[in-house]
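The values are calculated or read from the model by the stated rules, or taken from the named source; none is laboratory data. Everything numeric here is computed off the predicted structure, so don't read it as measured data. Quick reminder, even Gly has a Cβ in these numbers, built from the backbone with ideal geometry, and neighbours come from all protein chains shown. Surface accessibility is based on the protein's heavy atoms, side chains included, excluding ligands, DNA and RNA. Shrake-Rupley method; radii C 1.70, N 1.55, O 1.52, S 1.80 Å.
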Amino acid sequence: MSDVALSELLHVDRDAGVFRVARRSFVDNAVFEAERSQIFDRCWLYLGHSSELPKKGSFVTRQVGGRNLIFNRDAAGAVHAFLNTCPHRGSTVCREASGTAKNFTCSYHGWVFGADGKLRDLPGIEAYAEGFNTDGCTDLVPVPRLEQYRDLWFVCFDAAAVPLVEYLAGATEYLDLIADQSEAGMEIVSGRQEYAIKANWKLLVENSFDGYHAVSTHATYFDYLKNMNGVLAQSNVVGFAKDLGNGHAVVEYSAPWGRPVANWVPAWGEERKPEIDGVVQRLVAKHGEERAMRIAKNSRNLLIFPNLVIVDVMALTFRTFYPKQPDYMEVTAWAVGPSEENEWLRKNRLHSFLEFLGPGGFATPDDVEMLESCQRGYANTQEAGWNDVSRGMKKPEPATVDEHQLRVFWKRWHALVQQAKRVVPLQVA
């Protein structure tokens with residue numbers, strides 16, 4: 001792709017209220033390589049939650065930004081993120097998905113590393129020169145940057161990146177609303193969901209906080225809500241979209257479903273209402289009426305640019321995804337809830353997580369089919385080359401069913417991708 005071509009991936013005309021995205025953005029290998037170098041190699045990426053490391057020696061391994069990492073807590077309680085590769089000859093050091101360990105031993109040549117990443121022992125150490133590791137060159141390699149906000153840990157592979165809290169910008173307001181659902185702290189519920197989608201990763205970004213598609217794509221679920229709760233669900237989703245800076249965006253809205261945080265619905269039974277009211281009262285006592293109502297009653301779909309989506313609806317889900325090819329991504333999702341949550345609320349939360357958000361629920365199979373359908377449609381890109389993302393562009397206060405939040409993502413994406421080459425600046429009419 002030429003320099004000029006990279007600058008022609010968006011067409012924006014504010015006066016006409018037009019915002020279009022070139023469909024080459026979803027299929028072109030040059031765009032894909034630019035994304036890897038300018039976005040996934042430079043932006044802060046979600047790694048994990050403090051609750052996944054409940055005690056000293058806890059660890060999990062996972063793929064983040066195309067790297068295989070060890071996320072762990074050492075004997076002193078400090079949290080680390082190491083590249084999961086032996087500094088000796090490159091073999092994977094930790095082969096387990098999770099567990100506890102005082103040391104990590106490379107199975108290739110038997111080198112032993114402490115949970116702090118330091119080389120502890122190796123067979124035939126007498127054959128090495130004295131002090132050969134005084135500079136730490138044979139310790140496990142840490143990621144360039146590791147920081148946390150409200151128990152959410154992020155990594156960045158650019159040592160010169162801005163601090164995490166500066167990067168998060170206005171998104172911290174919404175991370176606080178989520179973290180404050182619990183007095184004792186939020187936790188990742190044991191287990192995770194992993195699946196793949198044969199579509200470009202940016203389609204899932206759009207889909208994750210696009211309110212426009214819900215009524216048509218998820219008509220079956222809204223009919224189910226109507227039958228269960230006695231409300232016309234489609235007309236009861238009211239809210240707004242907001243730019244949070246640095247490509248982060250959110251839609252916040254009221255909706256007809258129950259929320260275990262605490263939004264009671266008749267389908268839960270009258271006997272559960274006092275229990276939910278008690279949770280609301282505790283939130284009001286701690287945060288005040290207005291903030292407590294936002295925490296308990298409002299739903300929100302939040303994007304932390306580029307690829308962390310937090311869906312705080314009838315259940316709370318963290319979702320990350322990483323592109324392996326322009327038309328293929330791998331997705332991981334976790335259920336999240338208050339650590340002090342009682343058995344019934346936790347059961348209800350997990351039921352909602354599986355019922356709507358899981359890969360076998362009401363929503364996700366519909367969404368996957370739509371995303372893969374879009375990707376198949378991009379075979380026609382040469383003749384039909386643009387997506388329209390203009391809905392609500394001239395409105396002073398965009399709603400959740402408008403596409404303001406999508407445009408926030410696309411403008412940040414375009415600004416970063418252009419940096420892959422010397423390009424002609426985007427012309428905005």
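Candidates in the stretch 240-252 are the residues that are of a type outside the set (A, V, I, L, M, F, W, C) and open to solvent by 20 Å² or more (accessible area, probe 1.4 Å); of these, the one that is farthest from GLU166 (Cα to Cα) is LYS242. From the set of residues in the stretch 125-145 that are open to solvent by 50 Å² or more (accessible area, probe 1.4 Å) and within 29 Å of GLY48 (Cβ to Cβ), which is nearest to the chain's Cα centre (by Cα)? The extreme case among them is PRO144.
Residue-by-condition table, conditions (1) surrounded by 15 or more Cβ atoms within 10 Å (Cβ to Cβ); (2) assigned to a loop (DSSP other than H, G, I, E, B):
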site	(1), (2)
LEU177	yes, no
ALA184	no, yes
GLU187	yes, no
SER190	no, yes
GLU194	no, no
LEU204	yes, no
GLY211	yes, yes
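Checking each residue in the stretch 340-354 for being over 20 Å from the mean Cα position of the chain (by Cα), in contact (Cβ under 8 Å) with a residue 40 or more places away in the chain and part of a helix (DSSP H, G or I) picks out TRP344, LEU345, ARG346, ASN348. Residues considered: TYR167, TYR174, TYR195. Of these, the only one that is within 20 Å of LEU69 (Cα to Cα), in contact (Cβ under 8 Å) with a residue 40 or more places away in the chain and either among the aromatic types (Phe, Trp, Tyr) or out of contact with any strand residue (DSSP E or B) (no Cβ under 6 Å at 6 or more places or on another chain) (or both) is TYR195.
GLN405 versus (1) open to solvent by 10 Å² or more (accessible area, probe 1.4 Å); (2) assigned to a helix (DSSP H, G or I): which is the lone unmet condition? So GLN405 meets the others, but not (1).
Annotation note: Cβ proximity below 6 Å between a residue of the stretch 278-301 that is within 16 Å of GLU340 (Cα to Cα) and a residue that is open to solvent by 40 Å² or more (accessible area, probe 1.4 Å) (sequence gap 6+ or interchain) occurs for no pair. Which one is farthest from LEU53 (Cα to Cα), of the residues in the stretch 88-104 that are open to solvent by 60 Å² or more (accessible area, probe 1.4 Å) and part of a strand (DSSP E or B)? Across the stretch 88-104, the extreme among qualifying residues is ASN103. Evaluating MET314 against the criteria (1) open to solvent by 10 Å² or more (accessible area, probe 1.4 Å); (2) in a loop (DSSP other than H, G, I, E, B) leaves one unmet condition, (1). Of all residues in the stretch 276-283, none are in a strand (DSSP E or B), touching a Phe, Trp or Tyr at 6+ places or on another chain (Cβ under 6 Å) and surrounded by 14 or more Cβ atoms within 10 Å (Cβ to Cβ).
The listed residues are SER51, SER107, and the only one of them that is open to solvent by 10 Å² or more (accessible area, probe 1.4 Å) and assigned to a loop (DSSP other than H, G, I, E, B) turns out to be SER107. Among the residues of the stretch 182-198, is there at least one that is β-branched (Val, Ile, Thr) and either at positive phi or at pLDDT below 90 (or both)? Checked against the condition, which is being β-branched (Val, Ile, Thr) and either at positive phi or at pLDDT below 90 (or both), the stretch 182-198 yields no hits at all. More than 30 Å from TYR167 (Cβ to Cβ), at pLDDT below 95 and crowded, with 21+ Cβ neighbours inside 10 Å: which single residue out of TRP257, TRP268 fits that description? Of TRP257, TRP268, the one residue that is more than 30 Å from TYR167 (Cβ to Cβ), at pLDDT below 95 and crowded, with 21+ Cβ neighbours inside 10 Å is TRP257. Scanning the stretch 152-171 turns up one or more residues that are open to solvent by less than 40 Å² (accessible area, probe 1.4 Å), in a strand (DSSP E or B), in contact with a Gly (Cβ under 6 Å, 6 or more places away or on another chain) and not charged (D, E, K, R).
Out of SER25, SER58, one residue alone is open to solvent by less than 40 Å² (accessible area, probe 1.4 Å), over 25 Å from VAL155 (Cα atoms) and among the hydroxyl-bearing types (Ser, Thr, Tyr). It is SER25.
Against the test of being over 24 Å from LYS411 (Cβ atoms) and crowded, with 21+ Cβ neighbours inside 10 Å, the options LEU350, LEU357, LEU345, LEU302 yield a single qualifying residue, LEU357.
Within the span defined as the stretch 387-407, one or more residues are without any contact (Cβ under 8 Å) to a residue 12 or more places away in the chain and over 20 Å from the mean Cα position of the chain (by Cα).
Please verify whether GLY114 is open to solvent by less than 30 Å² (accessible area, probe 1.4 Å) and on the phi > 0 side of the Ramachandran plot, treating the condition exactly as stated.
Values: open to solvent by less than 30 Å² (accessible area, probe 1.4 Å): yes; on the phi > 0 side of the Ramachandran plot: no.
Criteria not met by GLY114.
Only a single item in (1) more than 14 Å from HIS213 (Cβ to Cβ); (2) hydrophobic (A, V, I, L, M, F, W, C); (3) at pLDDT 95 or above is not met by LEU371, and it is number (1).
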